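The structure appears below as structure tokens.
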């Protein structure tokens, strides 16, 4: 999608232009560093597309788009502390490059920066935009807490898992799009539909991520195939496998979780997930949310050709190679 | 001040009634716990008084008052992590009672809760209230960063120290009062004056805190006298002492900083601060900011009797016993 590259370039320029004071250096240098590590900038692109869908210019939606991106980066800085992650986009995380206290505090400031950008929007839209932003921010934190809680739980249900990814990653896509719709003066029902489109594409994308992590073509996949299996991470594949497995298969899966030969661990788990039918069930689940998303898009009351960019975007997101 | 007790009781009830979801428990139980540890509730009281000064009811300012208190508690939860503080109001801090990740994340959620409370205010006041809240939140973070930076610096100037306490603690008092004024439809100039009153009373109070920490009557002081001296904390007393000391006195002060006999360390430092004149200079500095505050209060365009509660409050704050 060539258009995406144009939106991305526009946003990269505007993100680089976000102004931070010079001092205290330990508060603001981490933010200059982290915000400019790049990325797809998918969330702010969604806000721009949401506004354009309802006839508003991308320039008028810019500050809201930036607030979404800034918020996303705030959550990454804090999540990286909690996950003890040394790297993000192949660069040092803030708590690694500086220290943990600086990562907590500069994250806090970045969060406020999100509200500062959002409040630049027209006064008549402020209440709706800020309520949406607040609600989403709280849900994202709830999702992160659920994810952390799952690490020490053995009884995570598939519904709980879907709820976790919905909160942790998908509501922000819905929020990004709906913010654009608010700015474009969309009707209440169109706002609901575009939010639903974003949220359900997000869930489908996240399920696809779980599948790709194990079944992707290593030559085309950006990172190590099988990372989730190696770290025994609870994913939809893993939860489905345990739910569908026979008693014998469960024992094999449990034994594999402590297997020291990592390539063997990946190969055997992959084989078993296919046999058990976990991969198949996950693909159907992914397709289910994809369909809900496309139905929501179809219900938005704007001319079909105007929806083309969002349609192509959804297609682009769901066609990553296995 | 009997009135304060009434405002405090009103706020305690409303704080206890702040509604949090049941789950995730690890996210919301810490907030229920921490918000109900008590305290003077000075900041939200200021918002109520600010609104009443301009003829608005305290009920109409309540959600803004709560947002200030909630924000303050968010900063305490995160500061306690950074300071590795085990106790707050003689109870376990969140990162001690739960863990650090939970303290980061529940703090983040509490911050959003502040915005959720604030956005309940009338739409026509939202832009002003949120801009003020954003600006203050950023300054409080800047103050905390300066405070952390000072720990490893030997060249902190008195101006820098005053700027640090202004940002870390005093701007929030100005913000709390000005929020009330915004809700009470005060003029721009009255808003500036009431903010200045709060900020400068805050600086004076903080300087008084530094003095009391060493010179308070142990029988009347709530905590250990000399705590700052024991931990070699940079305070206004300490910075003034080093600035005014002769070469010999500096050497004695430096030697005292490693003195193992803590009572001797406190007694000798106290004596020296008096001899050098540091105590006297600090008291004058405190009085300076107190006077600026009272001048700002006098410039607010409302009848003098209406200002009586704020005047008594200022008096109450500045008359803690030495």
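The values are calculated or read from the model by the stated rules, or taken from the named source; none is laboratory data. This is a predicted model, so every value here is computed, not measured. With ideal geometry, Cβ positions are generated from the backbone for all residues, glycine too; neighbour counts draw on all protein chains shown.
Things to note:
- Restricting segment B:78-94 to residues that are facing chain A (nearest Cβ under 10 Å) and assigned to a helix (DSSP H, G or I), the residue that is surrounded by the most Cβ atoms within 10 Å (Cβ to Cβ): B:78
- Some residue of segment A:21-34 being touching a helix residue (DSSP H, G or I) at 6+ places or on another chain (Cβ under 9 Å), buried (at least 22 other Cβ atoms within 10 Å of the Cβ), outside any helix (DSSP H, G or I) and modelled with pLDDT of 95 or more: yes
- Top-ranked residue of segment A:1-16 - restricted to ones that are out of contact with any helix residue (DSSP H, G or I) (no Cβ under 8 Å at 6 or more places or on another chain) and farther than 26 Å from residue A:87 by Cβ, ranked as surrounded by the most Cβ atoms within 10 Å (Cβ to Cβ): A:6
- Members of segment A:125-135 found to be closer than 18 Å to residue A:113 by Cβ and at the interface with chain B (Cβ under 9 Å from one of its Cβ atoms), listed by number: A:126, A:130, A:133, A:134
- Number of residues in segment A:35-46 that are within 17 Å of residue A:90 (Cα to Cα) and either within 10 Å of chain B (Cβ to nearest Cβ) or at pLDDT 95 or above (or both) equals 4.
- Test: residue in segment B:254-269 that is within 20 Å of residue B:203 (Cβ to Cβ), buried (at least 19 other Cβ atoms within 10 Å of the Cβ) and touching a residue at least 40 places away in the same chain (Cβ under 8 Å): no
- Options A:126, A:132: the member that is more than 29 Å from residue A:29 (Cβ to Cβ), buried (at least 19 other Cβ atoms within 10 Å of the Cβ) and touching a residue at least 40 places away in the same chain (Cβ under 8 Å): A:132
- Residue satisfying all of: in segment B:108-123; more than 8 Å from every other protein chain (Cβ to nearest Cβ) and part of a helix (DSSP H, G or I); surrounded by the most Cβ atoms within 10 Å (Cβ to Cβ) among these: B:110
- Helices (runs of 4 or more DSSP H) wholly inside segment A:141-222 that include at least 2 residues being surrounded by fewer than 18 Cβ atoms within 10 Å (Cβ to Cβ) and away from chain B (no Cβ under 14 Å): A:188-215
- The helices (runs of 4 or more DSSP H) located wholly in segment B:252-322 that include 3 or more residues which are under 18 Å from the mean Cα position of the chain (by Cα) and farther than 18 Å from residue B:236 by Cβ occupy B:308-318.
- Residue among A:299, A:274, A:285 that is free of Cβ contacts under 8 Å to residues at least 12 places away in the same chain and either out of contact with any strand residue (DSSP E or B) (no Cβ under 8 Å at 6 or more places or on another chain) or closer than 30 Å to residue A:47 by Cα (or both): A:274
- Single unsatisfied condition, residue B:52 versus (1) within 14 Å of chain A (Cβ to nearest Cβ); (2) in a helix (DSSP H, G or I); (3) over 18 Å from the mean Cα position of the chain (by Cα): (1)
- Taking (1) within 11 Å of another protein chain (Cβ to nearest Cβ); (2) surrounded by fewer than 18 Cβ atoms within 10 Å (Cβ to Cβ); (3) over 20 Å from the mean Cα position of the chain (by Cα) in turn, residue B:97 satisfies each apart from (1).
- The set of residues in segment A:35-53 that are touching a residue at least 40 places away in the same chain (Cβ under 8 Å) and surrounded by fewer than 17 Cβ atoms within 10 Å (Cβ to Cβ) comprises A:37, A:38.
- Apart from one condition, residue A:61 fits all of (1) surrounded by 15 or more Cβ atoms within 10 Å (Cβ to Cβ); (2) under 20 Å from the mean Cα position of the chain (by Cα); (3) away from chain B (no Cβ under 13 Å); (4) in contact (Cβ under 8 Å) with a residue 40 or more places away in the chain; the exception is (2).
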